[in-house]
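Everything on this sheet refers to the single structure shown next.
The values are calculated or read from the model by the stated rules, or taken from the named source; none is laboratory data. A quick note: this is a predicted structure, and the numbers were derived from the prediction, not measured. Positions of Cβ are generated from backbone atoms using ideal geometry, with glycine treated the same way; all protein chains shown enter the neighbour counts. Side chains included, ligands, DNA and RNA excluded: accessible areas come from the protein's heavy atoms. Shrake-Rupley method; radii C 1.70, N 1.55, O 1.52, S 1.80 Å.
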Amino acid sequence: MTNIVNHWIGGKTVEGASGTYGPVTDPATGAVTTKVAFASAEEVDAAVAAAKEAFVSWGQSSLAQRTTVLFRFRALLDAHRDEIAALITAEHGKVHSDALGEVARGLEIVDLACGINVQLKGELSTQVASRVDVAAIRQPLGVVAGITPFNFPAMVPMWMFPLAIACGNTFVLKPSEKDPSASVRLAELLSEAGLPDGVFNVVHGDKVAVDRLLEHPDVKAVSFVGSTPIARHIHTTASANGKRVQALGGAKNHMLVLPDADLDAAADAAVSAAYGSAGERCMAISAVVAVGSIGDELVEKIRERAEKIKIGPGDDPASEMGPLITRAHRDKVASYVRNAAAEGCEVVLDGTGFTVDGYEDGHWIGISLLDRVPTTATAYRDEIFGPVLCVLRAGTYEEGVALINASPFGNGTAIFTRDGGAARRFQLEAEAGMVGVNVPIPVPVGYHSFGGWKDSLFGDHHIYGNDGTRFYTRGKVVTTRWPDPADAPAGVDLGFPRNH
């Protein structure tokens, strides 16, 4: 019998009532292993109502109460990290080590939330006028929502809800319907940690659930991570309904390799950043820009390393890369490679015919490497979200930077060089929100915020770090004037000298 993943509302499992379900597959076999209930608008309303009711007390709770729950949750998350990683592998397909790394990065944000009392300290100015003080404080918003993608079903929700609830908000999560189980397990652990019922809720579904969250009058803010077209829709719709929005979109991250770079290190970095997690991450390096005469040697080094990557089921310890999330996505990724030669690319490695013995129905694709890619090729222009690396050639540093900055995306970028002056110029001149110097995937640690520029981010706030705290709170300024006790009305003796 197929398992069913249901909603989590008001501190308990709630069976889906809409009658609509979506399939959840094992990407390694292609078999449907689970059904996930899709929420109706009324079921979303029930989750929001539970969150709104919980906010009455949670929004007034002490910082000590909130952080005590989060410390317990952190301990439980650490103890269950292998279990959660196994859920991710079973539904997403990524290898176990990648899934463990995802949980570890989520733990970083839980760590940050456990210390939220530092982030929420206000400001005070005394004696701005005679006996007048001014204080600036931050308060929670109320009910906030998160809409998260399939590629990091545990980490990306943890980019959002730990900070949101630490700040005193209540939360409704709409995870990807492709790999929903990890989010429900996180909800169970939060409940076990002592989080009051209704503070954290999970509703599954499709556009019906998303659109209801975007228009619901009791949802005060929406956080989103996904593709650029959907991010733009989320931002436009939620903003039109008076909500705060942080919507992180797609990417086409470039790695600039200068002639003085350590080419072995650059090739290692390109392979891990392009093909890790099967390329299904918004911080993947999908375009390498080789400057000067080093292009042929760099491509050969990348090819040698790429051919050695072991592809197989995510639960096989020998596997270094797993399958893609769905068959449809695999076919779309393959189409870019199959059309590459006709668009002027040199196909160095073609992984479109790859399969795994005994798992022929899995969503497999091998490593693909395209060289001398023109900027007009769709493999360069689109976010492929798969294990396809494009190599472009540039004559000079300036030409390479101009090529990178011409991209409509501005999520992350990197430079590989031994020249400190060139690196300094690049970090200032590159039009991207995150820059790596000899670091291929410059994802910030938890206490610095994550976010891109241009078509990679819609909204004014990056996610987690200080921006996350500001996003999930609103400022209030209080101006106070108290009469001096010595000025008390006649006949009232408060024990203060009249000449004070």
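At 0.36 nm per residue, and after removing the present C-alpha to C-alpha distance, how many nm does the segment from THR20 to ASP211 gain when stretched out fully? Don't skip to the answer; put the middle values down first.
Working: separation 191, 0.36 × 191 = 68.76 nm, distance 1.64 nm.
Taking THR20 through ASP211 to full extension adds about 67.1 nm, to one decimal.
Quick one: work out the % antiparallel among DSSP beta bridges in the chain, nearest 5.
Close to 40 percent.
Restricting to DSSP loop positions (anything but H, G, I, E, B) with no more than 15 other Cβ atoms inside 10 Å of their own Cβ, which trypsin sites (Lys or Arg not before Pro) remain in the range 307-345?
LYS308, LYS310
Give, in nm to one decimal, the length gained when the segment between SER97 and ARG481 is fully stretched (0.36 nm per residue of separation minus the Cα-Cα distance).
132.4 nm
Over the Cα atoms of the range 334-471, how large are the radius of gyration and the largest Cα-Cα distance (Dmax), in Å?
My reading of the Cα-based Rg and Dmax gives 17.7, 52 Å.
Divide by every residue of the chain the summed helix terms, -39500 (n - 2.57) for each DSSP H run of at least 4, and state the resulting mean residue ellipticity at 222 nm, rounded to the nearest 500 deg cm²/dmol.
-11000 deg cm²/dmol
For the range 1-52, give the share of DSSP beta bridges that are antiparallel, in percent and rounded to the nearest 5; count only bridges with both residues there.
75
Distance between Cα centroids, the range 237-282 to the range 145-219: provide it in whole Å.
24
Provide the net charge surrounding ILE415, with neighbours chosen by a C-beta distance below 15 Å and charges set as Lys +1, Arg +1, Asp -1, Glu -1.
Computed value for this residue: -4.
Local charge sum around ALA251 (other residues, Cβ-Cβ under 15 Å, Lys/Arg +1, Asp/Glu -1)?
0
In 5 Å bins starting at 0, how do the alpha-carbon pair distances of the range 184-312 split up by percent?
Calculated over all Cα pairs of the range 184-312, the distribution is 2, 9, 13, 12, 11, 11, 10, 9, 9, 8, 4, 1, 0 percent.
Does anyone have the angle between helix 96-114 and the longest principal axis of the chain? Alpha-carbon axes, 0 to 90°, nearest 10?
Taking the Cα atoms of the chain, the angle to 96-114 is about 20 degrees.
Can you tell me the length gained on complete extension of the stretch SER227 to SER335, counting 0.36 nm per residue apart and subtracting the Cα distance?
Value of the extension gain: 37.0 nm.
Taking the Cβ-Cβ separation of ARG381 and GLU53 as r and a Förster radius of 51 Å, what is the calculated FRET efficiency to the nearest 0.05?
Once rounded, the FRET efficiency stands at 0.60.
Percent of accessible area on the range 138-288 owned by carbon and sulfur, 1.4 Å probe?
53
Which lysines, on any chain, are close to LYS220 with Cα under 16 Å apart, when same-chain ones fewer than 8 places away are left out?
LYS52, LYS174, LYS243
If I take R0 = 56 Å and measure r between the Cβ atoms of ALA342 and VAL118 in this structure, what FRET efficiency does the formula 1/(1 + (r/R0)^6) give, to the nearest 0.05?
Once the sixth-power term is evaluated, E becomes 0.50.
With the calculation restricted to Cα positions, what are the radius of gyration and Dmax of the range 61-211 in angstrom?
Cα-based Rg and Dmax for the range 61-211 come out at 17.7, 66 Å.
Taking every pair of alpha-carbon atoms in the range 300-377, give the share separated by more than 15 Å as a whole percent. Don't skip to the end; give the middle numbers.
Values: 1768 of 3003 pairs.
That fraction is 59 percent.
Karplus couplings for the range 421-428 from phi (6.51 cos²θ - 1.76 cosθ + 1.60, θ = phi - 60°), rounded to Hz, Gly and Pro as x?
The phi angles translate into x, 5, 5, 5, 4, 5, 5, 8 Hz.
For the chain, what relative contact order do you get, as a whole percent, if you take Cα pairs closer than 8 Å and at least 6 residues apart? Don't skip to the end; give the middle numbers.
Numbers: 1179 pairs, mean separation 89.6, N = 500.
Relative contact order for the chain comes out at 18 percent.
Hey, how much of the P(r) for the range 402-444 falls beyond 12 Å, as a percent of Cα pairs? Numbers along the way, then the final one.
Working: 500 of 903 pairs.
Counting pairs separated by more than 12 Å, the tail of P(r) holds 55 percent.
Any chance you could give the angle, 0 to 90 degrees and rounded to 10, that helix 263-275 forms with the longest Cα principal axis of the chain?
With both axes taken from Cα atoms, the answer is about 70 degrees.
Where only protein heavy atoms count, and the probe is 1.4 Å, what is the accessible area per residue for the chain in Å²? Working shown, then result.
Values: 20250 Å² over 500 residues.
Solvent-accessible surface per residue comes out at 40 Å².
Of PHE73, PHE152, PHE354, which has the most accessible area and how do the rest follow, probe 1.4 Å?
Solvent-accessible surface, decreasing: PHE354, PHE152, PHE73.
In Å, the Kirkwood hydrodynamic radius of the chain over pairs of distinct alpha carbons? List each step's numbers first, then the result.
Details: mean 1/r = 0.0413 Å⁻¹.
When all Cα pairs of the chain are included, the Kirkwood radius is 24.2 Å.
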